[in-house]
Each structure stands twice: as structure tokens, then as C-alpha cells.
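Notes follow the structure.
Bear in mind that the values in this text are calculations on the coordinates, not laboratory data. Owing to the predicted nature of the structure, the values given are computational and were not obtained by experimental measurement. All Cβ positions, even for glycine, are placed from backbone atoms using ideal geometry, and neighbour counts span all protein chains on display.
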Amino acid sequence: MMKRFVYINDDSSQDLYCDNRISNRKYTLWNFLPKNLWEQFRRFMNQYFLLIACLQLWSLITPVNPASTWGPLIIIFAVSATKEAWDDYNRYLSDKQANEKEVWVVKDGIRKHIQAQDIHVGNIVWLRENDEVPCDLVLIGTSEPQGICYVETSALDGETDLKTRVVPLACIGLASEQLHIIKGVIECPNPDKDITRFDGNMRLFPPFIDNDLCPLTISNTLLQSCYLRNTEWACGVAKWLSIWLTIFSGNETKLGMSRGVPEPKLTAVDAMIDKLTGAIFLFQVVVVIVLGFAGNIWKDTEARKQWYVKYPEDGPWYELLVIPLRFELLCSIMIPISIKVSLDLVKGIYAKFIDWDEEMYDHDTRTPSHAANTAISEDLGQVEYILTDKTGTLTENKMIFRRCCINGVFYGNESGDALKDVQLLNAVANNVADVIRFVTIMTVCNTVIPIRSKSGTISYKAQSQDEDALVNAAARLHMVLISKNGSSLEINLNGSLIQYEILDILEFTSDRKRMSVVVKDCQDGKILLLSKGADEAILPCAYAGQQIRPFVDAVEQYAQLGLRTLCLGWRELKDDEYNEWSHAFKQARSTLVDREWKLAEVCQILEHDLEIIGVTAIEDRLQDGVPETIETLRQAGINFWMLTGDKQNTAIQIALLCNFISSEPKGQLLFINGKTEDEVLRSLERVLLTMRITSSEPKDLAFVVDGWALEIILKQYRAVFTELAILSRTAICCRVTPSQKAQLVELLKSCDYRTLAIGDGGNDVRMIQQADIGVGISGREGLQAARAADYSIGKFRFLKRLILVHGRYSYNRTAFLSQYSFYKSLLICFIQIFFSFFSGVSGTSLFNSISLMAYNVFYTSIPVLTVVLDKDLSEKTVMQNPQILLYCQAGRLLNPSTFAGWFGRSLYHALVVFLITVHAYADEKSEMEELSMVALSGCIWLQAFVVTIEMNSFTILQHLAIWGNFAAFYFINSLVSTIPSAGMYTIMFRLCRQPSYWITVVLIVAVGMGPVLALKYFRYTYRSSAINILQQAERSRGPIFSMGGLESQLKSLEKDVASLSTSQSKFRNSVYEPLLSASDPPPTSTRRSIGPATFDFLQPAQSRLSSSYSRNCKDN
Amino acid sequence: MNPRGDSTSGSDGAAEPRRKSKKPKYSRFTQQELPACKPLLTPAIVVTAFAFIGIIFIPIGLLSLSASGQVVEIVYQYDTDCIPEQLQNDKVAFIQSSTTNKTCTRTLTVPKNMEGPVHIYYELDNFYQNHRRYVKSRSDKQLRSKASETETTNCAPEATTSDGSVIVPCGLIAWSLFNDTYSFAVNSKIIEVNKKNIAWQSDKEHKFGSDVYPKNFQMGGLIGGAKLNASIPLSEQEDLIVWMRTAALPRFRKLYGRIETDLAANEQVTVTIQNNYNTYSFEGKKNLVLSTTSWIGGKNDFLGTAYLTIGSLCLFLAMGFIILYLLKPRTLGDPSYLSWNRNPDGHY
């Protein structure tokens, strides 16, 4: 690993590393134009249009003024460049503000005010309370005698609770004068992106005698953008100072490095549009080749006779290419230049609608929903799989201590609340040793910081909600954690003060799944190891003779109720044992390489022979509306997978509670498990077989798999599992790691499903980024997930609205907008093609340049943009009939066949416009400018009516845009008609005076729209789609029929694929079917005895537990 | 405040949502709740619409037809007719020869009373004034003002003479100016042909300059069409102005002049045609057309017929929908029609 050495307070070594200037800018003043153009031209569409625009500069082949392509092209480029420039300018401003911020820095032993950008690596920086940290620092001194301070890291991870940062041992007790002249060296790895780890060492130079290497961890550092906070703490200390030492600076800071521009996601709709664009491009090539050939043949046979054309006898070598190229230019409008801009615009508005939505505003946390990715709203409407986290996503992540089991005695079983259990209260009051020990562990074994407010009440700041619940519960049991000053800790038990000295904290990691503290009881000087953790992490550490059976039972029982369990244990340490271990621990802490792993290994040495003392059960309540949301979304045809790190039983309970799976006999759970590969495979195949057979039955099947089996499956049996994934509508994956979550998302994506991943914590980030759509819940676990996500919402229940309302509308609107864009471009292009048969296939453009440009950019682009307000069904109707989402999922509104419809319509309309125009304006009226304006008017009229007939609802804005555009067309053309040098001088006025003009245009509309209207009416009434029926039902305002009958009908028909197999009961017998019931939790003891005893081939819970013990030990 | 900013566009909103209330401001627009009307295609509306179209269209169609019917039109195709019998086999040679007598006199009978002014058109067929090479070969600037005399970039191959001096008016269109002439007599009395104001007023005033005089026109080796009187400014050369309003279709009529007097029915009009213009090399037809006008323009039955057809079709459709509605009544919005769940489109 690369290392760097930072010399403290040494000006000579400063220039080794970059200064603290931060720059988030993408461009500079000089490279903006080339760089931006380069980025824009990486898109195929833009390259295509540039090619066309360049070809148009060749006057021999251009049918129109080059301005007709250059104009829109430049406008489009200017729009996106301006947006980029504006964003970049804002970034520049915020950089500048940060760079020029004044900070106190020690130079030559004196404190000076300098700008933040001039901080160099090795400088000593002074900060005051509420200052923002200007760069990554190592703490070397604080105003507090214990050498601690508090920071808020919300800008980094969104967690608003305060975190403690401590001065490294070597620097403790240094006076502020000494800190001015301190010298030393810090050895640390090169900057990386990980904001949760920092492994370094510090050695001070004389006169600071401590020659030991002093280990540095993340708790000795302060990262850029954090804030120094501690108002409550600062009572008595007027100015709270803290000295920091710069380690990384500028763009090398961890925050700077973890910023990254994510890969743009492509929606299914985008992919379809790209495909259609490709098809149109091919069609265009064919047209160009055919017309090019025809043109060359016509030229050689006919045009030579047309003496007035004066074709030269032998043309240049490229003569054969001229006509095809002309047609290429003429047909280039087939691919609408405006589609990209229009789509970007409406997508931006969809995203804004999500941000603005009041019904998705979370009043509890006062968070609005936010669409960070503005480009993928349509995908929301096409989601097929939702992969959801459990804790904090489905549940509130608001932990409440409910029950506990201390040495086999259950508390809180009757009342459902242990804190109200008189037995427990009495036991605490009577100082029953076990109970006191239990509560002590609850109080001491954590990283909670107590904060005393001015009024004297104590509140707790905790990173883990479980710890918060435990400490609060202990306080209610009269064991109050009063203060934690550095290593000393005070507890008030029933009015008497107890002091402990914290010697070491063996931190929690997701691998270890437990944490411990080593404390010294100040009364009797005994050294104690207090541990808490997941059952499979603690129970194997029990001392040899202890009966762990009661605890296993307790864990089982609580898990059945959907409670989160923690096992508590302790042991007394001998002084010499501790001293020896402490030495090893210190060494491990100061390693630079694999520190985490080494620490875990050392912790393992101490954590054994524990006396297990009890189990706590914490309730994590379901969020409001979760069952309804899942029910609705499942009706909408969305499949749910639950991926959780929690225990299987807890997961199943929660799944039942949220309608995730149905209870017997409607639903059935299939378990995949096993320790070895063979067992897993057998189990997997059995489940798959059952699934295949039962898929014809109207039954909710769900499979349950745990992380261990999943690991084997993902490695070895991917294909089988993929088939299972396709068959199964529901799955519960428990004990899965973040990377497994991401792998599952990838697996579903590889089956071409649209996936949505929703989660709230850092462990969901990978899955959220992997999925087509990532939704983060801005919850209690911080904003990590919400920041990584495309959408962040406050509550799980908003997902329903996000998908059914926003997703669906976005899909419908984009489907219309994109196809319409092609339609209008094809329309005008077909007219040009027809005209070429009347102009000797020479590639003359019927329309003049101004008309062509304005047609694409104004006349046909603006009215259709109001589609962002179009609603085919009211939100209420959609919510009541979520099945309607199937239309979006199946892509029924935008697919090759609907596109063919639009293609046909444009062909028909082009024929109508062209034929009527050339017949009405024949003979003496056949003047080029007039005829072209009549045809253009026909197109504009048709456009207006097409938009009108396809729009479902009209607000004032739509009326304005459609009819205003109409007026604008006449206004603009009249305006151009007043310019004498323009080709169409006076044309519009002449036309408007001719009755035949109006008669012709009305005829075009009638012939063009009549069949469309008739067909639409016929389909609407006699071949109604579900959307139509619901529209009609909405109108009739009758009670919106009950869904019950409909739903059952849907389900039975859905599954009515094959006749039921008679042999299936045989298989079903051999499958574990817990008699799950959501409404009344059955007596757990009977359940447990039935489960494993009856179906012994299946892994009983007990053996599963033991298997995980052995695994755990093996791992460690 | 978070002055370090966020480089990614999304995160600035998510940075500190808990601190400030970011409750979206309520407005009907942001909540997508603007009052909207949702027109439905109910049978009543659709039938009414079609019936309405039918009822409006049929009278308009009848009016148009009658207007077109009132127009009296005499069309005489003279391209083959005006070539002597013995030269029929080599029409091109006839027309290109400078020695042959190209005068051709014919008598036309007026079918109905024609009220003056009677428009005289020449009609060319299979003549591609809209050919790309042709339609571009002009210089509007040169035509407009004397100052831009040298602006002949688009005029090739008729931009300059062989010695390099500028042709005014340049380009193929002007070069191929139609040069047949007609004169008319009724009962040996010559009828005046008014050739004033046959071009658009706007063209004469703004498109063709009054200070621009023809120069080096038709001086090249190959003579295209008519020559121009070099002493008359372009704004007065109305035949040229008419010709330069290019036609969009290969068959077109252009105004030659007007007969201001009425022509009575069965009158014999003697036409003397100078058949100069070469349409023979591309087998183009030449017609002489005498026509009156109405509010709808010249004789054109298309609009009237189309209106009648569409109008009756719409009425027929309206009737059909009524019958269909009576035969197969459907309650709109009846949930029992929600049949989509029976055909889930193979989605599962």
C-alpha cells in the first residue's frame, strides 16, 4: 500500500502535496467550448445532425437553406451548453466561497488568518465551535481536558447525531502554547474514498518525549464539511477551541474523492426510442437509396430532354452521388431534431412534479420527496420487481424495547411491554444480581453519548437505534446513564452513583455482529468484559458448561413475533489477562494494513467463555401504510423481494405483517437452505419443482433463502436460481450482505426485468445503485441511501404514489410525446417525398427553409409539451385500480406496433395533405410558395387536431398551447409575409383572402381526422381498453366498483394456464408449510414443536442455528 | 449552509433536508391539479360531430360545385395541331428551325356566355418548373436592384455570357421565358388583349426593380425563350414576372392576358398563335385556355366533389354509429367490460 508521510508544522515539506483549493468545476473558461462540444457530440443523434448540417453547406445538394438545420442544431446545443455553463458557474461560486473562507492557521508559531484554499498539508488549523472543517484533519488538541470533541457529520453521511472525536494518546494534555510549536510525523495511506476508515500512525518529535507510535483511527480525524458542534457541552466554556492538523487537502479529501458522477441510467422507454430511431434511420436509408436511384435514372432519361434544365453532358465524378445526397438531406428531418430537447424538458418537469408533490411530503421528518435523477421517471411506471430492505424501509426503524428474557425468566410476555412488567421492576428494585447485571450491560455496553440539556434532562445521541432503545429502557428501569467523559462513565442506579472506567471498546462490525466493552468497576476495581450481539455471534462464546437452550428458545420465540433480538453476556477478566490482551489490541490498532481484520482477530481472543445472561427483544414497528402499499403494488403486477440482513423468522413475520406473503392456505413458503453445496442444490431443485407445479395454482408462493445458501447458489447454481426467480413472485432473502443484495438485483436485471431497489441504510447503497431505479428512504440511518438513490422519499408508503401516479403518468406522457415527435417529422418528410415525384425526382424541397425550421422547433414542438399536464385517469382511479399499471409494464403504449400505427397515420395524413393540396391548388393556382404554404397549413391544422384528439384532459394551459400555437402560426407567417426580401412575401395575406384556401384546409382536417376519430370511437366503445373503461366509469361518477370480484377473477384467470396436476399433493406434502397466520400469532411453543418434529427432512430451526454457530466459529 | 457545495446535481437537495422545512409550496399546477375538462368520446358527441360535419360540408360542396360550374372555360391544345402535317414526324426540327412559319390560326367556339374579363392562360404540361436545378437558378437580389447586378451565384449555367459579362435577368428561369404569343379576333374584329396587371402587384413593386434593365439577355449561343426589350425595366416586364413565379406542379397555367369584353355564346373566336416555344423535345403539351373566374377561382370541381363525398360519408358514418349503438348498446364504464385482465398480453 502506498503511504505518505506528513510532517507536522513543517513549512519545507508543504509543497509535496497539493494545496487546499477545491474545484468541482468541469470546465474552465478556455476549455468550455471544445470540451462541452466534444461531450455533446458523443451522442449519436448529435453526430448525425452535425453531418447533415455540414452536408447542407454544400450548395449543390442542399434542397433548403442550411439555416434550417443549423438553426435548430445551434439552438439545441446552446440550450444544453447554457445549462452546463450555469451549473458549472454555480459550482465555481460555491467553490470560491469555500476556498476563500478565512481560517486560523499556525505559521511560524503564530496563529494567522488565511484563506481556506491556502492550507497546506501539515498545517495546524484552529477551529471554533460551529466552524466548518475546511479539510481533512487529525485532531491533536481540544479545549476539553479529556481530549474529546463532538462533530456533526450530516454533510457526509446525513447522520445528525453528534459523534465523538478524540485526541490521540500522544497528544493528550498538551497545552495550547505547546500546540503552536508541535512537530512530528504522521504516517498514513494515500487518500482514498472510504469515509469510514482511516488507518494511520503518529510520532511526535522531541521535545514531546512520547516516542511510541501512536495509532490513528477515524475517531481521531475530522473530515471536510463536518461541523464542530456542542452547545450543550459548552456550558461553562466560553470559547471552545480545537486544534486540528491537516492531513489531506483540496480535492484529495475523502469527501472530494467520494464524489463521483454516476453512470447515466437508460430507461426502457429510452431504449425503445433508440430502437425506433434506428429503425427510422434504416427506413430513411432505404428511401434515400430508392429515390437516389430513381432520380439518377429520371435524370438520364427525362431530364436530358428538358432543355430548360440544361444538364451538362458530362458532370463531375461525384454526379451519381448528388441526387442521393440531396434526398438524404431532404429526409434528414425524418429523425426529429427536437425529440431530445423535448424529452429532456418533459423529464425535468416530471422530476419537478415529484419534488413538488405535497402528498409525498413527509411531515414527521419534514422531508419532501426528491428526484435526483431527472431522466428515468418513465421507468417507474414499468417496474416489475421491487427489491426492498426491511429495517427502516418497511419498518420505522424506531426501536422500542419490548421484552426480555433474563436467565430463562421471560419479562413482558403478558403485557407486551417489559418496562411495565411489575416482576422486572421489582427485580431491579430488589437488586437481583442477574437482573442488575443485565441492565448494566444494557447501559454500559454501547457507544451512546448522553447529553445533559440546560434544564438538566438527559438525552442520548446514538448511532444505533437498538442501543438507543436499550439505554432508554434501562433509564426507565432506574439505571440512568448520566455522563460519559472520556473514559469515565457514570450511572445513577436508584439514586446511587456508580462509576465505571471504560478501558477498551471492541467495536461492532457487520462481520463480527457483536460488540464488547472492557470496563473497570471503580468500586471494586474488577475488570469486566461486557458483550452484546446477534445470537449466532454471542451464543457460541458461552462458557463450556452453560445451558444455552433457554436463550435459543427465547430468541426463537421473539423472532416469531417479529422482534429484533440481542443476546447479552459478560465475564470477569483477570488483570494480567487483560494487560496481555490490551498490549495485543494496541498493536493491532496501530497496524496500517488490514487493521479491521487484525482487530477482529484480537477481539476474538477476549470474547470467549462468556456467561450469557439474557436476551433483549426490541420491536421495530411497521411504517404506516406498508401493508396497503405492498398489497396495491402487488395488484399492479409488481413482484416483491425482501432482502434483509435480519433473521429468517423475523423476516417472515414482518413479511406476513406487510401482506408480503399470504398466510396458509393461500400462501406457501418454500425454504432453500443447507450447509453444503449438495444440500443447497437439492433444496433448490426441490423448491423449483414445487414452484413449477404450483405455478398453475392460484396460490401465493414465496421462497425463502438465507445468505449462506445464497452465496453458494450465486456462485454455482445461477441458472437454476434464475429460473426460480422468474417463476416466483415473492422471495425473502435473509442474512444477506450488501454485495449479495446487489448481485440479486443484477440477476433480475439480466433476465430483462425492470427492477427497483428501495432501502434506507448504507448497506443498501450498492443495491440501489445497481438497480434500474434506486429509491432511498431518507430515514434514521442517515442519508447514505437517499444520496445514492435516484429518488428519495420519506416513507415507504409514498412508493405507491411514486409508481402508480408519477411513474405511470410519466410513461404515458413520454410514450405519446416520443411517438408524436416521430409522427410529425415523418408527416412533413412524406410530403417532401411525394412532392419529389412531381418535381422530376430532383430533390426539390416543397417547403421553404423558414417553414421547415419553424415547423420542427415551434409549431409542432410547443403544443405537445403540454402533455406533461395530461392525465388519462385521475389519480384516485389509478390508486383504486392498480392493475392498470400492467399497461405500462407491458409497454403497451410505446412499442413497435403502436409506433407502426403512428407511422401509418403520418403516411395517411401526408397523402391527405399532399393530394388535396395539389388538386385544390392545380392549374393557374399552382404557384410554388402558395402551394407550399397551403400544405404547411394543412399539416399545422392536422397537428393541432391530432394533439387534441390524443390528449385526455385539457387544462387552460393545453388550450393556450394548442390554439395559441395555431394563432402563432398565422401570426409568424403573416409577419414573414411582410418582409419583401422573403420568398413568401405577401403569400399569407393572399391566401387568407382566398375562400378556397380555407375550404381546402378544412377539407384536409376533415379527411385527415374523420377516420381517426371514427376508428378511435369504435375502439373506445366496442373494443375498449381497460383505460377507456375506467375513463368512462370515472365520468359516470358512479361508485367505482369493488375490486374484490375483479381481483379474484384476475388471479384465477392469470393462473389458469395448465390444468392442475394430480401428483402435486405428493410434492406439497414434502414441503415445509408453517401454518402462518398474520392475524393471530399462534402460541409459539406448539409451533416450534410441530415445525421441526413433523418435517424432519427439513432443517429444524435448532440445527440451523447450530450450523450457523459452527460456521461463525470457522470464519473467525 | 453547506458552502462546499455538491458537485452532483441531485445531492444538494438532499444535503440537509431536516434542518429547513422544504415543504413544497402548494399550487394547483405543482400538484398537477389544474382544473381540466376531460372530453369523452361518447356516442352522442361523436354522432353529433359527424352529423355536424356532414350538414356543414354538403352545402359548401354544392356551393363550390355551382361556383365551379359557372366558370366557362375553353381549352385548346395546339402543340401538335399547329405543326404542319408534313413536319409531324420531326417536331423538334420544326420548332428549332428559324425559317419555318410558326404562325397558326384556329377558330374556337364559345360554348356559353363569357363575361369579361376573360382570362387568357397558357397551360404547359410535363414542364418541370419545380426541378431543383431550374427552380434555384435565379437571383432575387439582381432582379430587385441595380446595385446587386453582379449577384449571380445561383444563376449557373446562365449567369454570365461567354465573355464574362453579367446577364440580367440571369438564370435558367428567365432564360427559358415562354415566347408563344396569341392574338384574338371575333368576326375579323381584333379583340384587345390586356397584358397589364397580369403579374402580382407585390412582385412588380418589391421583387422586380424599376431601375433594373435587361442586359446581355439571350445573347448566348443557345437561345432559350423570349427576348426582352432592353429599354423597359424589369418591373414592367409582366410576362417575365409571371413566368418567374415558378409553378409547383409539372402541369400549370400562367396568365397571358385578359380580354375585357364579354364573349357571347356560340361566337367564333379566331386565335392567331405564334408557336415558338419548344415543348416538343420533352413531349410537353401546350394549351391555350380562355376562362372566366368565380369566387373559388378557375374551373375546379375537385373541392366541390370532395366536400360532397366527405359530407355524405360523415352522415353515413353518423347513421352507422347510431344503428350500431341501437343494435349493440353498451353501458359506458361498465366494469364487467374490464376484459383486459383476460388478455394480459402474455406478460406473465
> Can you flag which of A:K647/A:K876; A:K532/A:K675; A:K824/B:K196; A:K112/A:K461 are past 32 Å Cα-Cα?
Replying inline: A:K647/A:K876; A:K824/B:K196; A:K112/A:K461
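Hey, fewest Cβ within 10 Å first, where do A:T694, A:T374 land in order?
Values: A:T694 22, A:T374 18.
Fewest-to-most ranking of A:T694, A:T374: A:T374, A:T694.
How many Cβ atoms of partner chains, on average, are near each residue of B:173-180 if near means within 10 Å of its Cβ? All intermediate terms of the calculation are to be shown ahead of the outcome.
Numbers: counts 1, 0, 2, 5, 1, 0, 0, 0.
Going residue by residue through B:173-180 and averaging, the value is 1.
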> Could you name the lysines in cross-link range of B:K91, using Cα to Cα under 21 Å and dropping any fewer than eight places away on the same chain?
Replying inline: A:K305, A:K310, B:K102, B:K285, B:K286
>> Show me the ranking of peptides B:268-275, A:787-794, B:39-46, B:88-95 by mean Cβ neighbours inside 10 Å, starting with the highest.
In response: A:787-794, B:268-275, B:39-46, B:88-95
> With springs only between Cα atoms under 10 Å, which of B:L290, B:L34, B:L313 fluctuates most in a Gaussian network model of chain B?
Replying inline: B:L34
> In whole percent, what relative contact order does chain B give with Cα contacts below 8 Å and a gap of six or more residues?
Replying inline: 32
>> Looking only at Cβ-Cβ distances, which cysteines of chain B have no other cysteine closer than 4.7 Å?
In response: B:C37, B:C314
> What chymotrypsin sites (Phe, Trp or Tyr not before Pro) in segment B:145-221 are in a loop by DSSP, with at most 16 other Cβ atoms within 10 Å of the Cβ?
Replying inline: none
> Could you put A:D344, A:D468 in order, starting from the residue whose Cβ has the fewest other Cβ atoms within 10 Å?
Replying inline: A:D344, A:D468
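Quick one: grab the alpha carbon gyration tensor of chain B, order the square roots of its eigenvalues as a ≥ b ≥ c, and give me rounded if a/c is under 1.5, else prolate or oblate depending on whether a/b is larger than b/c.
Details: a/c = 2.97, a/b = 1.59, b/c = 1.86.
The shape class here is oblate.
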> Across the residues of A:1025-1032, average count of Cβ atoms on other protein chains within 10 Å?
Replying inline: 6
> Can you give the average number of partner chain beta-carbon atoms within 10 Å of each beta-carbon in peptide A:608-618, as a whole number?
Replying inline: 0
> Reachable lysines from A:K586, Cα under 20 Å, same-chain residues fewer than 8 places away excluded?
Replying inline: A:K520, A:K574, A:K598
>> Students often get this wrong, so check it: of A:K96/A:K183; A:K275/A:K749; A:K513/A:K800; B:K141/B:K254; A:K513/A:K749, which have C-alpha atoms separated by over 26 Å?
In response: A:K96/A:K183; A:K513/A:K800; A:K513/A:K749
> Hey, in the GNM for chain B with a 10 angstrom Cα cutoff, which one of B:Y26, B:Y122, B:Y325 fluctuates hardest?
Replying inline: B:Y26
> Okay, helix-only estimate at 222 nm for chain B: each DSSP H run of n ≥ 4 adds -39500 (n - 2.57), divide by all residues, round to 500 deg cm²/dmol; what do you get?
Replying inline: -7000 deg cm²/dmol
> What lysines sit close enough to B:K328 to cross-link, taking a C-alpha to C-alpha distance under 23 Å and skipping anything fewer than 8 places away on the same chain?
Replying inline: A:K1016
